[in-house]
Amino acid sequence: GAGTVCGGCHAALEDLTGEASSAPVRMSQRTEVVPGIHRIRLTTETSTPLPASIPGQHIIVKGVIDGITVSRPYTLTSSHTENRWREITIRNEDHGLFSRWLCSIDQTETSLQISAPQGDFFVDMTDSTPVVMLAAGIGITPALAIARSRAEHQNGPKIHIDHSARTENQLVSTEELNRLAT
């Protein structure tokens, strides 16, 4: 069962077993969507499609900082049908080693690796049972992926999202969520 919840130990498991399960990617885009929150697009370095995801799942992003391999789980915010790239939306934490590094590195020169999508928190787009999501701040990321997937296919459950934050400028993707709702 190791690695089945957040996946934070995947790098250690790969070292122990000698089995690499990560795909090489490059950062093809990084945009600050609101102060301190960055949307990052990770593009595969090969023509091989990335494995399918389910709306709400996460990936493990791995990079080398000062010679040390560091990995962190991040929820996907891209639609579940996208197989050429992955998108994550992260908060640049003042004391966060990996998030500070990821939000400041040279996009064109840094190699990263990502895991296949994983996690048991997801929404089945074939189920018609309505989904209610309560999200605070950057916790909107799974709801964003789910709303994008729902809008892309024009089918699936009704989705109700209640997004709160301390201040209005911390609300991530409000305009996009309003557009998707229509």
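The values are calculated or read from the model by the stated rules, or taken from the named source; none is laboratory data. Owing to the predicted nature of the structure, the values given are computational and were not obtained by experimental measurement. A quick note on method: Cβ atoms are made from the backbone with ideal geometry, for glycine too, and the neighbour counts reach across all protein chains shown. Calculation scope for accessible area: heavy atoms of the full protein, side chains included, ligands and nucleic acids excluded. Shrake-Rupley method; radii C 1.70, N 1.55, O 1.52, S 1.80 Å.
Summary of values
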| item | result |
| --- | --- |
| Residue within the range 143-166 that is assigned to a loop (DSSP other than H, G, I, E, B) and in contact with an Asp or Glu (Cβ under 7 Å, 6 or more places away or on another chain) present | yes |
| Counted residues, the range 49-101 - those being of a type in the set (D, E, K, R) and open to solvent by 40 Å² or more (accessible area, probe 1.4 Å) | 7 |
| Tabulated pairs, the range 109-124, first in contact (Cβ under 8 Å) with a residue 24 or more places away in the chain, second open to solvent by 40 Å² or more (accessible area, probe 1.4 Å) and among the aliphatic types (A, V, I, L, M), C-beta under 6 angstrom, 6+ apart or interchain | PHE122/ILE54 |
| MET125 being more than 16 Å from the chain's Cα centre (by Cα), at pLDDT 90 or above, of a type in the set (A, V, I, L, M) and farther than 19 Å from LEU42 by Cα | no |
| Selection from the range 158-177 of residues that are out of contact with any strand residue (DSSP E or B) (no Cβ under 6 Å at 6 or more places or on another chain), open to solvent by 90 Å² or more (accessible area, probe 1.4 Å) and within 13 Å of ALA147 (Cβ to Cβ) | LYS158, GLU175 |
| Criterion: open to solvent by 70 Å² or more (accessible area, probe 1.4 Å) and over 14 Å from SER53 (Cβ atoms) - qualifying residue of THR110, THR129 | THR129 |
